[in-house]
1. Out of curiosity, is S58 within 21 Å of A189 (Cα to Cα), among the small types (G, A, S), surrounded by fewer than 18 Cβ atoms within 10 Å (Cβ to Cβ) and modelled with pLDDT of 95 or more?
2. Would you mind finding the one in T140, T162, T148 that is modelled with pLDDT of 95 or more, out of contact with any Gly (no Cβ under 7 Å at 6 or more places or on another chain) and either within 13 Å of F115 (Cα to Cα) or hydrophobic (A, V, I, L, M, F, W, C) (or both)?
3. Being open to solvent by 50 Å² or more (accessible area, probe 1.4 Å) and over 17 Å from the mean Cα position of the chain (by Cα) is the filter; apply it to the stretch 183-201 and report the residue that is nearest to T144 (Cα to Cα).
4. Spot the failing condition for G108; the list is (1) more than 22 Å from A169 (Cα to Cα); (2) in contact (Cβ under 8 Å) with a residue 24 or more places away in the chain; (3) more than 20 Å from the chain's Cα centre (by Cα), and only one is missed.
5. Filter the strands (runs of 3 or more DSSP E) completely within the stretch 46-117 down to those with at least 3 residues that are under 18 Å from V139 (Cβ atoms).
Amino acid sequence: MRSLLASAAIILAAGPVLADPFTVPSGTYTLDPTHTSVVWKVSHLGMSNYTARFEGVSGSLDLNAEDPTASVVTVVGDPATISTGYPNADEKDFDAKLSQDAKWFNAGAHPEITFTSDTLEMTGANTGKMTGDLTLLGVTLPVTFDVTLNGQFPTHPFIPDTAALGFSARTVIDRTDFGFTELAPGIGAEVEVLVETEFTKPLSEES
C-alpha cells in the first residue's frame, strides 16, 4: 500500500497542472505540429464513419491567463496534406483526388482552411465553447468548438525554458453549408472534426 501511494505521488508530481487558475504565463504560443492532429469523420453510405486527417497544420494561441475568455486562437490547415491511409497509392492516389479535385477540397483554388476564434465561453474550470470563423472553399461561417484544456506546464519537462499547454476540441459542421455538396447525402453532409493539439512558448520571450 505504501509503495502504491508513493507511486501515485510521483505521477501526480510529474503530471501537468490543470487549469483554473492558469499557471502558464500570458503571451503568444505557437502550435506544436508534432503533437497536433486534425481528424475528420464522415458517414460512408451509413455503413461506417470514414476518417482522415490533415498533416499540415499551423497556428497560434494569444493567451490571456488572467482572462481566458479574451484569448484568441488561429489555426490554418493545408488541404493538400490530406492523409486517408488509402491503400496502393501508386495505383490510385486517393489523397490527391480528395485534395485537388474541384468537386472536393480543391486545394489549388483554396490552399488554406482557416479558423480564427471570436468568443470563448467558459463552461467549467477547464472546459469551454469557442466560437469563431471557419473558412472552407472560400466560404466563411461561424463554428463552435467544445474545448477542453487537458493540462499545462509552466516549464515543459522535456523542453527547457518553455511553457506549454494542450487541448482537445470537437465540432460538427454541415459541409454543404460551405458549398461542399459532392455525393451528399450518401457521403454524409455532417462532418465531425476532432482536434488534439499542444502550444508552446519560450519563457525568454516577453509576454
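1. Taking the combined requirement at face value, the residue does not satisfy it.
2. Residue meeting the stated conditions: T140.
3. E190
4. For G108, the exception is condition (2).
5. Of the strands (runs of 3 or more DSSP E) lying wholly inside the stretch 46-117, those with at least 3 residues that are under 18 Å from V139 (Cβ atoms) span 72-77.
Yes/no matrix, rows are residues, columns are (1) of a type in the set (D, E, K, R); (2) out of contact with any Ser or Thr (no Cβ under 8 Å at 6 or more places or on another chain); (3) on the phi > 0 side of the Ramachandran plot:
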residue	(1), (2), (3)
T69	no, no, no
A80	no, no, no
S83	no, yes, no
E91	yes, yes, no
F105	no, no, no
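Here's the yes/no breakdown for (1) open to solvent by 40 Å² or more (accessible area, probe 1.4 Å); (2) more than 17 Å from L194 (Cβ to Cβ); (3) at pLDDT below 95:
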{"site": "E112", "(1), (2), (3)": "yes, yes, no"}
{"site": "F115", "(1), (2), (3)": "no, no, no"}
{"site": "G128", "(1), (2), (3)": "no, no, no"}
{"site": "F180", "(1), (2), (3)": "no, yes, no"}
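Every residue, every condition in (1) of a type in the set (G, A, S); (2) in a strand (DSSP E or B), yes or no:
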site: I159; (1), (2): no, no
site: A164; (1), (2): yes, yes
site: E182; (1), (2): no, no
site: V191; (1), (2): no, yes
site: F199; (1), (2): no, yes
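The values are calculated or read from the model by the stated rules, or taken from the named source; none is laboratory data. Fair warning: this is a prediction, and the values are worked out from it, not measured in the lab. With ideal geometry, Cβ positions are generated from the backbone for all residues, glycine too; neighbour counts draw on all protein chains shown. All accessible areas refer to the heavy atoms of the entire protein, side chains included, with ligands and DNA or RNA removed. Shrake-Rupley method; radii C 1.70, N 1.55, O 1.52, S 1.80 Å.
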